[in-house]
Amino acid sequence: MASTIAVAGKGGTGKTTFCGMLIDWMCRHKMGPVLAVDADANSNLNEVLGVEVETTLGDIREEVASADIVENSPIPAGMTKQDYIDCKFRSAVVEEDDFDLLVMGRTQGKGCYCYVNGLLQTQLQKLEGGYRWMVVDNEAGMEHISRGILPSVDIIVLVSDCSRRGIQAVARIAELVREMGMKPKKLVLVVNRAPGGQLNEGIREEIDKHGLELIGVIPQDETVYEYDCSGKPTTGLEETNPAKRAVVAIAEKLFA
């Protein structure tokens, strides 16, 4: 069974960029096979990793949920829901040389998805057995984990920008983790986009106030911004790039 890393934080903090760079580091250090899971409805992990996605699990969930409406059922005659979701699930896995990617996607329809969520949970449990690590780019509320669709988490990395409000936001996520009864082996903080890679005293005091374990600081970097604006995968950054070097240092601590 794969060990699971969840990367969480509010939108706009560079969480997805960090997640993609972490996956890239893991693959380059032969820690795979790695299953990358994009579980944030608003993120674009595939762009950071430089891969195309055609089908999300949210799409599959919508299709199977609509199967109860006979005239609109996407399931061919003679095929069960289980067989159909098995087939669709396999097509949703984007396979690369060093990692595979699944995109959870957003549920657009109304009604109860408990049955379909259960099917997806079963499929993920089957799939994760083929990987050493599952890295989840998660939304702040960690919905897929709290609903039990994704497995329990071994490591949680909270990503914040370099602001007091950002630290307060990840502190609330840390509290949510405790409320959900999750007991990760590690729960650490990464502060992103720090001017000159340094934190001022006020931010450090806020981190200490909430009892967060700071594992690393990533500097504000113009090249990362340019890559993001142009749609270039940030995994292609030069090894000498300051942000990439900071992620390397964080990864080495994380897996020490």
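Key figures for this structure:
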quantity	calculated
At 0.692 mPa s and 37 °C, Stokes D of segment 121-256 from Kirkwood alpha-carbon radius, µm² per second	199
Residues in segment 153-187 reached by a label modelled at residue 200 [backbone nitrogen below 13 Å; 7 Å Cα→Cβ]	162-165
Where 232, 10 fall by accessible area, highest first, once all protein chains stay in place (1.4 Å)	232, 10
Integer Hz, Karplus 6.51/-1.76/1.60 couplings in order for segment 230-247, x for Gly and Pro	8, x, 7, x, 6, 5, x, 4, 4, 4, 7, 4, x, 5, 5, 5, 5, 5
Over segment 137-256, relative contact order from alpha-carbon pairs under 8 Å, at least 6 apart, %	21
Amide hydrogen neighbours beyond the local backbone of residue 218, cut-off 5 Å, H modeled	191, 192, 193, 194
Å² per residue, accessible surface of segment 101-256 at 1.4 Å	51
Degrees between helix 15-28 axis and first principal axis of the chain (Cα, 0 to 90, nearest 10)	90
Label-point gap, in nm, between residue 225 and residue 3 - each point 7 angstrom along Cα→Cβ	3.6
Bins of 10 Å, starting at 0 and running to the largest distance - Cα pair percent for segment 125-205	15, 44, 27, 11, 2
Beta bridges by DSSP in the chain, antiparallel share as percent, to the nearest 5	5
Gain in span if fully extended, residue 180 to residue 232, counting 0.36 nm per residue against the direct Cα distance	15.1 nm
By accessible area with a 1.4 Å probe, ligands and nucleic acids excluded, highest first: order of 144, 29	29, 144
Trypsin sites (Lys or Arg not before Pro) within segment 185-256, DSSP loop, no more than 11 other Cβ atoms inside 10 Å	185
For the chain, built as a Gaussian network whose Cα springs stay under 10 Å, the top-fluctuating residue of 233, 184, 74	74
Paramagnetic label zone (point 7 Å from Cα along Cα-to-C-beta, residue 154; backbone N under 13 Å) in segment 9-32	31-32
Cα long-axis angle, helix 114-128 against the chain (0 to 90 degrees, to the nearest 10)	60
Cβ charges +1 (Lys, Arg) and -1 (Asp, Glu), total dipole of the chain, debye	860
Read-out mean projected area of the Cα convex hull in nm², derived from the coordinates shown; its label in [x] 21.2; [y] 12.4; [z] 14.2	[z]
Average Cα contact separation per residue, the chain, under 8 Å, 6 or more apart, as relative contact order %	28
Carbon + sulfur, % of accessible area of the chain - ligands and nucleic acids excluded, 1.4 Å	47
Calculated FRET efficiency for the pair residue 143/residue 210, C-beta based, R₀ 22 Å, to 0.05	0.45
Heavy atoms of residue 79: accessible area, 1.4 Å probe, square angstrom to 10	70
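The values are calculated or read from the model by the stated rules, or taken from the named source; none is laboratory data. These numbers come from a predicted model, not from an experiment. Positions of Cβ are generated from backbone atoms using ideal geometry, with glycine treated the same way; all protein chains shown enter the neighbour counts. We work out accessible area using only protein heavy atoms, side chains counted, and drop any ligands, DNA or RNA first. Shrake-Rupley method; radii C 1.70, N 1.55, O 1.52, S 1.80 Å.
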